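What follows is calculated from the coordinates using simple rules that are stated; it is not laboratory data. From a predicted model like this one, the values you see are computed outputs, not experimental measurements. Glycine gets a Cβ as well: all are built from the backbone with ideal geometry, and neighbour counts include every protein chain shown.
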Amino acid sequence: MDDIIAAIEAALERKGLSASAASLQAVGNPSLIKNLKNRRTDRERAHPIDNLRALADVLGLEFYFGAPRAVEATTQINGERFATVPRYAATAAAGNGLVNPEDQPVDHLAFSLDWLMQNGIRPEECMLITARGDSMAPAISNGDLVMLDRRKTAITSGKIYVYNDPEDGTRVKRLEVVPDTALIVRSDNPDQERFPPEFHTGPSMNTISQNILGQVIWSGRTWK
């Protein structure tokens, strides 16, 4: 438990969050981290394991229980360790075909291994693709490179995801969940005449949730 608390405290500092704010975001209870430190659990809410998983998502930590794992550096530059993430010749925007993560990547980009580990990112579980269009501007602009965490396919309301739409191709959108009712697909671009919110229910909602490629966890921009 001491290791878990230490990881939580380090993540709070990186994120600039208070313990109560992170707890509130994770499970709707500002005392979660306080109770963990006191070796107690909030039994009136979700199972403690579910609480920890939700907290890990808020803090950008990996939730994992099993044999020790290690991410090996692929190269070192001036003593700093780097790992690579595969980049695919694919785009995420309406009407541009479907991204197939089983295809061969066109190349790999190197990222600081320390940075990846601090943010709970496992490079072998991620992929890089290019965003097209301006529906997600200013957060993501046309031509931006986006990194997807392929482990994160369960929708957390308000996060940005890339998903394959059988009719519109691969899309990058912010998804909002109305529990047991609907899935709202939103664009960040404030021009709602061009990019109105889309409301999906029933089979349409399931089609999206079952075809999530991953959550967008990083983006990079080339300035021209």
Average Cα contact separation per residue, the chain, under 8 Å, 6 or more apart, as relative contact order %: 15
May I ask which residue of Leu145, Pro30, Pro203 lies farthest towards the positive end of the charge dipole of the chain, with charges of +1 (Lys, Arg) and -1 (Asp, Glu) on Cβ and the Cα centre as origin? Pro30
How about the stretch 93-179: which chymotrypsin sites (Phe, Trp or Tyr not before Pro) there are in a DSSP loop, with at most 16 other Cβ atoms within 10 Å of their Cβ? none
Of Val162, Val178, Val146, which has the largest mean-square fluctuation in a 10 Å C-alpha GNM of the chain? Val178
Return the sequence-ordered ³J(HN,Hα) values of the stretch 159-168 in whole Hz as given by the Karplus equation 6.51 cos²θ - 1.76 cosθ + 1.60 applied to θ = phi - 60°, using x for Gly and Pro. 8, 9, 10, 10, 9, 8, 9, x, 9, 9
Please say if the stretch 80-143 is rounded, prolate or oblate, where rounded means a/c under 1.5 for a ≥ b ≥ c the square roots of the C-alpha gyration tensor eigenvalues, and otherwise the choice is prolate for a/b larger than b/c and oblate otherwise? oblate
Matching label, Rg and Dmax of the Cα atoms in Å computed from the structure shown, candidates [x] 18.8, 54; [y] 18.5, 63; [z] 18.7, 78: [x]
Amide H neighbours of Ala90 under 5 Å, at least 5 residues apart or on other chains, H built in the peptide plane: list them. Thr130
Report, in debye and to the nearest 20, how large the dipole of the chain comes out about its Cα centre when Lys and Arg carry +1 and Asp and Glu carry -1 on their Cβ. 480
Calculated [θ] (222 nm, deg cm²/dmol) that DSSP helices of n ≥ 4 give over the chain, each run adding -39,500 (n - 2.57): -7000 deg cm²/dmol
Dipole of the chain, positive direction: furthest Cα of Phe63, Phe111, Leu98, with charges on the beta-carbon: Phe63
If you keep only loop residues by DSSP, which GluC sites (Glu not before Pro) in the stretch 131-224 have at most 10 other Cβ atoms within 10 Å of their Cβ? Glu167, Glu193
Check Lys152: other-chain or 5+ apart residues with amide H under 5 Å from its amide H, H built from backbone geometry? Gln215
I need the phi-derived Karplus couplings for the stretch 74-82: 6.51 cos²θ - 1.76 cosθ + 1.60, θ = phi - 60°, integer Hz, Gly and Pro marked x. 8, 7, 10, 10, 6, x, 8, 8, 10
Out of the stretch 123-210, which trypsin sites (Lys or Arg not before Pro) are coil in DSSP terms and have no more than 11 other C-beta atoms within 10 Å? Arg194
Vicinal HN-Hα couplings computed from phi for the stretch 190-207 (Karplus, 6.51 cos²θ - 1.76 cosθ + 1.60; Hz; Gly/Pro x): x, 6, 6, 5, 7, 10, x, x, 10, 10, 10, 9, x, x, 5, 5, 5, 4
